């Protein structure tokens, strides 16, 4: 049975993945099953420029959990309207470059199950 610390590789190639923390088996299953266990709320990622505090405050009026990121805003929400986001941010001269839904990775699974980043 091969092993790896490269979680992207494990996600792409493995039929089953074991998460081990300090020598103890924490979880075992197909990558998709493990990711579904920690899926949580969908997150809309808005890559944008000129995201000011004022623009973020306007977003938080509608989506209170919106958070700034290095490249824009992340909005955890079940139903996010890209049109609503665009209309709001354009009023503040924010240029939206792209939007996407954040996918759960095995890195997220490892962090959720162990409370540790893989590098720790």
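If you plug the beta carbon distance of residue 98 and residue 56 into 1/(1 + (r/R0)^6) with R0 = 22 Å, you get a FRET efficiency near 0.75.
Modelled spin labels at residue 65 and residue 25, positioned 7 Å past Cα toward Cβ, are 3.2 nm from each other. Taking a ≥ b ≥ c as the square roots of the eigenvalues of the alpha-carbon gyration tensor, the range 43-101 is classed rounded because a/c is under 1.5. Helix content alone sets the calculated 222 nm mean residue ellipticity of the chain: runs of n ≥ 4 DSSP H residues at -39500 (n - 2.57) each, divided across all residues, give -9500 deg cm²/dmol.
For the chain, take the longest principal axis of its alpha carbons; what is the angle in degrees between that and the long axis of helix 53-62, to the nearest 10 within 0 to 90? It works out to around 80 degrees.
On a per residue basis, the convex hull of the C-alpha atoms belonging to the chain measures out at 123 Å³.
Each reported figure results from applying straightforward, stated rules to the coordinates on display, with no laboratory input. Given the structure is predicted, the values throughout are model-derived calculations rather than measurements. Cβ sites come from the backbone with ideal geometry, for glycine too, and all protein chains shown count toward neighbours.
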